[in-house]
Amino acid sequence: MTKKVSGRVKLTIPAGQAAPSVNKISAIVGQKKISPKPFCDQFNAITANMKHIAPGTQITTHVICYVDGTFSIHPNNSPSIATLIKQQINISKGAQKAGYDTIGVLTIENIKKIIELKGLDIRSTNQLAIAKTICGSARSLGLSYPKESELKEVFSVC
């Protein structure tokens with residue numbers, strides 16, 4: 001017998017470091033009649049088993065809330081593309097005026113590494129399309145990135 005869903009929540013939480021005070025978790029899950037402490041304990045246990053993700057890395061997590069007060073947690077297998085780009089370039093945040101300011105350079109090698117890390121969550125097998133998506137995120141962060149012609153030389157179209 002399936003449980004009746006009362007709602008869904010999408011959160012971005014640091015892996016292994018969830019606490020009721022972090023990112024207003026208690027306010028968000030409390031609205032869905034979920035106790036924050038058990039939620040945080042379960043999230044931390046799940047992300048502790050994800051050896052490929054460093055503790056503290058922001059993970060997008062989908063929570064399904066049921067009428068009886070139970071819940072299920074579904075974290076993504078990898079961080080967002082923007083988080084991976086910031087880790088590769090060693091920056092903490094993007095440019096104040098993306099498009100006007102350039103705060104770093106995203107290289108082909110960085111893109112290859114991000115595709116490798118993000119591979120678990122990306123549904124496409126077209127590496128060129130994935131590389132273009134990564135470049136779009138880099139543009140939003142205020143980074144310079146390789147031109148499309150350079151990407152076509154390196155990445156294959158499946």
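The values are calculated or read from the model by the stated rules, or taken from the named source; none is laboratory data. A quick note: this is a predicted structure, and the numbers were derived from the prediction, not measured. Don't worry about glycine lacking a Cβ; one is built from the backbone with ideal geometry, like all the others, and counts go over all protein chains shown.
The residues of region 22-75 that are free of Cβ contacts under 8 Å to residues at least 12 places away in the same chain and crowded, with 17+ Cβ neighbours inside 10 Å amount to a single one, 26.
Among residues of region 2-21 that are under 16 Å from residue 42 (Cβ atoms), none has a beta-carbon under 9 Å from a residue that is of a type in the set (Asp, Glu) and crowded, with 16+ Cβ neighbours inside 10 Å at least six positions away or on a different chain. Just one of the listed residues (80, 35, 21, 6) is within 19 Å of the chain's Cα centre (by Cα) and either hydroxyl-bearing (Ser, Thr, Tyr) or outside the structural domain of residue 144 (by TED's automatic domain parsing) (or both), namely 80. Just one of the numbered conditions (1) out of contact with any strand residue (DSSP E or B) (no Cβ under 9 Å at 6 or more places or on another chain); (2) under 30 Å from residue 9 (Cβ atoms) is not true of residue 150: (2). If the condition is being hydrophobic (A, V, I, L, M, F, W, C) and assigned to a helix (DSSP H, G or I), then region 123-155 contributes 128, 129, 130, 131, 134, 135, 138, 141, 151, 154.
Pairs linking a residue in region 108-126 that is modelled with pLDDT of 80 or more to a residue that is in a loop (DSSP other than H, G, I, E, B), with Cβ atoms under 6 Å and 6 or more positions apart or on different chains, are 108/146; 117/78; 118/78; 126/157; 126/158. In this structure, does residue 67 turn out to be on the phi < 0 side of the Ramachandran plot and in contact with a strand residue (DSSP E or B) (Cβ under 6 Å, 6 or more places away or on another chain)? For residue 67, the condition - on the phi < 0 side of the Ramachandran plot and in contact with a strand residue (DSSP E or B) (Cβ under 6 Å, 6 or more places away or on another chain) - is met.
With respect to being at pLDDT 90 or above and among the β-branched types (Val, Ile, Thr), residue 2 falls outside the description.
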